[in-house]
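Engineer: Below you'll find the structure I mean.
The values are calculated or read from the model by the stated rules, or taken from the named source; none is laboratory data. All figures in this text were calculated on a predicted structure; none of them were measured in a lab. Here the Cβ positions follow ideal geometry from the backbone for every residue, glycine too, while neighbour counts run over all protein chains shown. Only protein heavy atoms, including side chains, enter the accessible area calculation; ligands, DNA and RNA are left aside. Shrake-Rupley method; radii C 1.70, N 1.55, O 1.52, S 1.80 Å.
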Amino acid sequence: DEPEAHGLQALMLLDDARRESRFAGGELVLLADQDRSRWDAARITRGREALDRAFALQGRGAYVVQAAIASLHMEAPRDWPEIAALYGELFRLTGSPVVELNRAIALAEMDGAEAGLALVDRLDLDGYQYFHSTRADLLRRLGRAEQARTEYERALELAHSEPERRFLKRRLAEVSA
């Protein structure tokens, strides 16, 4: 009867449901580009059942909120205002600047890259690869290629996974062309 245990189970099931679609031919596939037919429907169902149980038990902790976000990311179209609100709640619970980085992405999807960048630029995450790749993507979307290039280069310096490095190199080539 512990809602956070159900929330953690839901989060694990929902994240694992997309495992087979995260890579194609050894290359990283972003969530928006994943082949949804490769998602494990049974795991999604079980994950959402666990999330419903957590909600029924009045769960509002970090795992429950993360599972709710994961569930919303599986919807098409995604409910960006709700996702942003949940990231705001998760930030309230955790104080994590990484959570704020994720909220910035949701804000960018809702209100445009400039809105997301305004939040990103308030964060102190210089040694975090995804800070730089997120900032680079927002700058790219705003047509600020030179600044985007600098951010992709920094993200590439921090990346350890070869699929991520190849992805960042492709993005870097796009803004350098």
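Engineer: If one takes the longest principal axis of the Cα atoms in the chain, at what angle in degrees, from 0 to 90 and to the nearest 10, does the Cα axis of helix 41-56 lie?
Structural biologist: 70
Engineer: Tell me the volume per residue, in Å³, of the convex hull enclosing the alpha carbons of the stretch 26-125.
Structural biologist: It is 121 Å³ per residue.
Engineer: Which ³J(HN,Hα) values in Hz, rounded to whole numbers, follow from the phi angles of the stretch 148-163 under the Karplus curve 6.51 cos²θ - 1.76 cosθ + 1.60, where θ = phi - 60° and Gly and Pro get x?
Structural biologist: Per-residue couplings from phi come out as 4, 4, 4, 5, 4, 4, 5, 4, 5, 4, 8, 6, 10, 7, 4, x Hz.
Engineer: What does the C-alpha gyration tensor say about the overall shape of the stretch 88-141? Classify as rounded when a/c is under 1.5, otherwise prolate if a/b is larger than b/c, or oblate.
Structural biologist: Oblate shape, in that a/c is at least 1.5 and b/c is the bigger or equal ratio.
Engineer: Identify which of Ala155, Ala41, Ala24 has the largest mean-square fluctuation in a Gaussian network model of the chain, with springs joining Cα atoms closer than 10 Å.
Structural biologist: Its mean-square fluctuation being the largest, the pick is Ala24.
Engineer: How large are Rg and Dmax for the stretch 120-170 when calculated on the C-alpha trace, in angstrom?
Structural biologist: When restricted to the Cα atoms of the stretch 120-170, Rg and Dmax are 10.2, 29 Å.
Engineer: Which of rounded, prolate, oblate describes the stretch 55-114, given a ≥ b ≥ c as roots of the alpha-carbon gyration tensor eigenvalues and a/c under 1.5 marking rounded, otherwise prolate only if a/b is larger than b/c?
Structural biologist: Note, shape of the stretch 55-114 comes out oblate.
Engineer: Of the residues Leu119, Leu31, Leu11, which exhibits the maximal mean-square fluctuation in a Gaussian network model of the chain defined by a 10 Å Cα contact cut-off?
Structural biologist: Answer for the Gaussian network model of the chain: Leu31.
Engineer: With 5 Å bins from zero, work out the P(r) of the chain over every alpha carbon pair and list the percent per bin.
Structural biologist: 1, 9, 15, 17, 20, 18, 12, 6, 2, 1, 0, 0
Engineer: Something else now. If you build a Gaussian network model of the chain, linking Cα atoms that sit under 10 Å apart, which residue out of Ala113, Ala32, Ala159 swings the most?
Structural biologist: Ala32
Engineer: Calculate the dipole size of the chain relative to its Cα centre from +1 charges on Lys and Arg beta carbons and -1 charges on Asp and Glu beta carbons; express the result in debye to the nearest 20.
Structural biologist: So the dipole magnitude of the chain works out to roughly 360 debye.
Engineer: Moving to a separate point now. Highest mean first, what order results for 2-9, 129-136 on Cβ atoms within 10 Å?
Structural biologist: Highest to lowest by the protection proxy: 129-136, 2-9.
Engineer: If you don't mind, there's one more thing I want to ask. Quick one: which residues, 5+ away or cross-chain, put their amide H under 5 Å from the amide H of Ala24? H built at 1.01 Å from N.
Structural biologist: Val29
Engineer: Hey, what's the stretch 1-104 come to in accessible area per residue, 1.4 Å probe, Å²?
Structural biologist: Each residue of the stretch 1-104 exposes 53 Å² on average to a 1.4 Å probe.
Engineer: Also, quick follow-up: Which whole-Hz couplings ³J(HN,Hα) result when phi for each residue of the stretch 104-111 is put into the Karplus expression 6.51 cos²θ - 1.76 cosθ + 1.60, θ = phi - 60°, listed in order with x for Gly and Pro?
Structural biologist: 4, 4, 5, 4, 5, 5, 7, 10
Engineer: Could you please state, rounded to a whole Å, how far the C-alpha centre of the stretch 114-163 is from the C-alpha centre of the stretch 86-113?
Structural biologist: Their Cα centres are 15 Å away from one another.
Engineer: For the stretch 132-141, just list the computed ³J(HN,Hα) in residue order, Karplus coefficients 6.51, -1.76 and 1.60, θ = phi - 60°, integers in Hz, with x standing in for Gly and Pro.
Structural biologist: Here the 3J(HN,Hα) series is 6, 5, 5, 4, 4, 4, 5, 5, 4, 5 Hz.
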